[in-house]
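Asks: Got a structure for you, questions after.
The values are calculated or read from the model by the stated rules, or taken from the named source; none is laboratory data. Since the structure is predicted, the reported quantities are computational estimates derived from the model, not experimental observations. Please note: Cβ atoms are built from the backbone with ideal geometry, for glycine as well, and neighbour counts cover all protein chains shown.
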Amino acid sequence: MNRDDDIKFLQRMVAEGSLSRRKFLSAAMAMGVGAMAPALYSEAAHAAPKKGGRLRQGLTGGATSDVLDPGQILDSYMQSLQFGQLRNNLTEVAANGELVGELAESWEANADATQWVFKIRQGVEFHNGKTMNSQDVVDSLQHHLGEKSTSAAAGILTGVDNVKADGKNTVVVSLKGGDADFPFILSDYHILICPSNGDGSIDWQSGNGTGGYSLADHEAGIRTLTKRNPNYWKEGKAHFDEIESLQLADPSARTTALRTDTVDCILKVELKTASRLTKLPGVKVIATTGNKQITLPMRTDTAPYDNNHVRMALKLIIQRKDWLNKIAFGYGELGNDNPIGPANVYRATAEELPQREYDPDKAKWHLKQAGMDSLSVEFYAADTAFSGSVDAGALMRESAKPAGINIDVKRQPNDGYWSDVWMKKPWCACYWSGRPTENWMFSQVYAADASWNDTFWKHEKFNKLLVQGRAELNSEKRREIYVDMQKIVNTDGGLILPLFLSDVMAINDKIGLPDQIGNNWELDGMKNTERWWFV
């Protein structure tokens, strides 16, 4: 064997857990690899997941009002806890963006995609030892349906007509109209499978689920501890013994916690400090780019935002390139008041929907059409909406002055922002992680009856096209429909979307990572707790 072969042999022993770091470094140095020895060890240690340890996460978006109802998940903290740790969906978006089965082994549609049959994975147990069956799935889906549902997933499930069990391991979902993307929808982080109570309801209160970790201790909006499920049905997943999640709303507090070894990973790295973090020993900054977007929703049912000329004026006073440089620090790309992102299939091209530019004179013209010579409005923001949102408001305030628009930026507390400000105040800061399909994004946020229609926008033609696009199986015709819908949102909606953002997270060098990191949500598709490990 030559030296390269000897090194590979040592690395294989490290990956298998049979050689310690000290012994590897000693042997490698004796072979004359010099300063490369630590890097070669790290490469080997990251190659194979190992069990053990407590992963400490610095998260944001938690609130004291949070509950364990999956339909009420509002932000990252509860998404990580319920979707990433406690529970599973029927389907899952893999790290490469492909849809794979989770609690559903397979699915099949009829000819017009109005009926879907799901084969349920057998032998899966809830944390309390109960074996999951089709009734658990039926009742979990029904939890989000009906006129009385308060679930955030109600909007994307409005097309469901009936859900029924066909034996213990099969579920049949009948739709009001065809939907070629329906299995994608079932990967939504609200549509988690909980145990049935036997009366049509589900037990969401206990936190019981089929996920890789079970609930040990939970203080809403403060701290949560979960422990590895020894009977987890996914082989080679959920490597940590415990997950400790800490609510750290302030970005500086999250950074400090990582630097002082209080936590092992953080999300939503403050973008202005990201470059400095990359220079710290033992810290790695990771950026993934998908459909994450920052938005400034205007309530179209509230004056003055009920006037589209006012909405257009405000869309025209944002210097988007300035925001990309000063708010996103280059981590992203320009937005165009269109929620369909760079990772979506039917996104309108620049020719179909030209980029909106800063134009205070045109904004003035729109104000005059609204019967105004000037405009004074309030903009509400907090860092939990998106990092730098208050600074963004200040930039917008200055760029609005030439158009005769005065913007009073109101900084809000992070705690309670999603319950007290978002969808309450007429104009505020927000962010969305984006959705993998056009229908999903439009149905959940922009449909007239969507639970999260944060602009309270209702457009007759848009809603008719939404139904048509969902059922259209011809890809060319479907594209035409979705491009038309994007144009309508762009020119009439209450959405201001200045930027698409990269998700920027930071970890310490104790963490091992898979070859591919998911970009559909933060923290590896919010599956970091089952995909990562300690080296």
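Asks: Given the criterion surrounded by 20 or more Cβ atoms within 10 Å (Cβ to Cβ), under 29 Å from Lys164 (Cα atoms) and either in contact (Cβ under 8 Å) with a residue 60 or more places away in the chain or not assigned by TED's automatic domain parsing to the domain that holds Phe329 (or both), identify the matching residue among Ile193, Ile266.
Replies: Just one listed residue meets the conditions, Ile193.
Asks: From Asn439, Asn474, Asn463, grab the single residue that is farther than 28 Å from Gln319 by Cβ and at pLDDT 95 or above.
Replies: Just one listed residue meets the conditions, Asn463.
Asks: Still on this structure: Among what's in the stretch 290-313 and is in contact with a Leu (Cβ under 8 Å, 6 or more places away or on another chain) and outside any loop (DSSP other than H, G, I, E, B), pick the residue that is farthest from Glu522 (Cα to Cα).
Replies: Top of the filtered list is His309.
Conditions tested, residue by residue: (1) over 33 Å from the mean Cα position of the chain (by Cα); (2) polar (S, T, N, Q); (3) farther than 18 Å from Tyr417 by Cβ.
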{"position": "Gln369", "(1), (2), (3)": "yes, yes, yes"}
{"position": "Asp373", "(1), (2), (3)": "yes, no, yes"}
{"position": "Ser376", "(1), (2), (3)": "yes, yes, yes"}
{"position": "Ala381", "(1), (2), (3)": "no, no, no"}
{"position": "Ser387", "(1), (2), (3)": "no, yes, no"}
{"position": "Ala392", "(1), (2), (3)": "no, no, no"}
{"position": "Leu395", "(1), (2), (3)": "no, no, yes"}
{"position": "Ser399", "(1), (2), (3)": "no, yes, yes"}
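Asks: Of everything in the stretch 489-512, what is in a loop (DSSP other than H, G, I, E, B) and either out of contact with any strand residue (DSSP E or B) (no Cβ under 8 Å at 6 or more places or on another chain) or under 23 Å from Asn336 (Cβ atoms) (or both)? Give them in sequence order.
Replies: Of everything in the stretch 489-512, those that are in a loop (DSSP other than H, G, I, E, B) and either out of contact with any strand residue (DSSP E or B) (no Cβ under 8 Å at 6 or more places or on another chain) or under 23 Å from Asn336 (Cβ atoms) (or both) turn out to be Gly493, Gly494, Leu495, Ile496, Leu497, Pro498.
Asks: If you check Asp306 against the conditions, is it out of contact with any helix residue (DSSP H, G or I) (no Cβ under 6 Å at 6 or more places or on another chain) and of a type in the set (Asp, Glu)?
Replies: So Asp306 fits the description; yes.
Asks: Could you please find all residues in the stretch 361-389 being hydrophobic (A, V, I, L, M, F, W, C) and surrounded by fewer than 22 Cβ atoms within 10 Å (Cβ to Cβ)?
Replies: If we filter the stretch 361-389 for residues that are hydrophobic (A, V, I, L, M, F, W, C), which is where we start, we get 363, 365, 367, 370, 372, 375, 377, 379, 381-382, 385-386.
Once the filter is applied, which keeps residues that are hydrophobic (A, V, I, L, M, F, W, C) and surrounded by fewer than 22 Cβ atoms within 10 Å (Cβ to Cβ), the stretch 361-389 yields Trp365, Ala370, Met372, Leu375, Val377.
Asks: Here is a further query. Here are the criteria: (1) in contact with a strand residue (DSSP E or B) (Cβ under 6 Å, 6 or more places away or on another chain); (2) part of a loop (DSSP other than H, G, I, E, B). Tell me which single one Ser387 does not satisfy.
Replies: Result: Ser387 fails condition (1) only.
Asks: Quick check on Pro297: is it assigned by TED's automatic domain parsing to the domain that holds Gly330 and under 19 Å from the mean Cα position of the chain (by Cα)?
Replies: In short, yes.
Every residue, every condition in (1) closer than 22 Å to Ala303 by Cα; (2) surrounded by 14 or more Cβ atoms within 10 Å (Cβ to Cβ), yes or no:
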{"site": "Gly341", "(1), (2)": "no, yes"}
{"site": "Pro354", "(1), (2)": "no, no"}
{"site": "Asp391", "(1), (2)": "no, yes"}
{"site": "Cys430", "(1), (2)": "yes, yes"}
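Asks: What strands (runs of 3 or more DSSP E), lying completely within the stretch 209-285, carry at least 3 residues that are under 30 Å from Met132 (Cα atoms) and touching a Lys or Arg at 6+ places or on another chain (Cβ under 9 Å)? If you could, list the steps in order and put the result at the bottom.
Replies: Details: elements: 213-219, 223-228, 242-247.
Answer list for the stretch 209-285: 213-219, 242-247.
Asks: Looking at Gln444, Gln486, which one is under 18 Å from Gly341 (Cβ atoms), touching a residue at least 12 places away in the same chain (Cβ under 8 Å), outside any loop (DSSP other than H, G, I, E, B) and under 19 Å from the mean Cα position of the chain (by Cα)?
Replies: On the way: Gln486 fails: under 19 Å from the mean Cα position of the chain (by Cα).
Criteria check complete, one pass: Gln444.
Asks: Oh, and also: When the residues of the stretch 256-272 are narrowed to those that are among the β-branched types (Val, Ile, Thr) and in contact with a helix residue (DSSP H, G or I) (Cβ under 6 Å, 6 or more places away or on another chain), which ends up farthest from Lys227 (Cα to Cα)?
Replies: Taking the stretch 256-272 first, the residues among the β-branched types (Val, Ile, Thr) are 256, 260, 262-263, 266, 269.
Of the ones still in play, those that are also in contact with a helix residue (DSSP H, G or I) (Cβ under 6 Å, 6 or more places away or on another chain) are 263, 266.
Details: Val263: 17, Ile266: 20 Å.
It comes out as Ile266.
Asks: Applying the selection to the stretch 314-330, what residues are crowded, with 19+ Cβ neighbours inside 10 Å and part of a loop (DSSP other than H, G, I, E, B)?
Replies: Leu316, Ile317, Ile318, Ile327, Ala328
Asks: Taking Thr131 as the residue in question, decide whether it is at pLDDT below 95 and surrounded by fewer than 22 Cβ atoms within 10 Å (Cβ to Cβ). Outline the logic, then answer.
Replies: On the way: at pLDDT below 95: no; surrounded by fewer than 22 Cβ atoms within 10 Å (Cβ to Cβ): yes.
Answer is no for this residue.
Asks: Where in the stretch 1-120 are there strands (runs of 3 or more DSSP E), lying wholly inside it, with at least 3 residues that are surrounded by 14 or more Cβ atoms within 10 Å (Cβ to Cβ) and at pLDDT 75 or above? Quick ask: steps written out before the conclusion?
Replies: Values: elements: 54-59, 91-93, 99-101, 104-109, 115-120.
Once the strands (runs of 3 or more DSSP E) in the stretch 1-120 are filtered for at least 3 residues that are surrounded by 14 or more Cβ atoms within 10 Å (Cβ to Cβ) and at pLDDT 75 or above, what remains is 54-59, 91-93, 104-109, 115-120.
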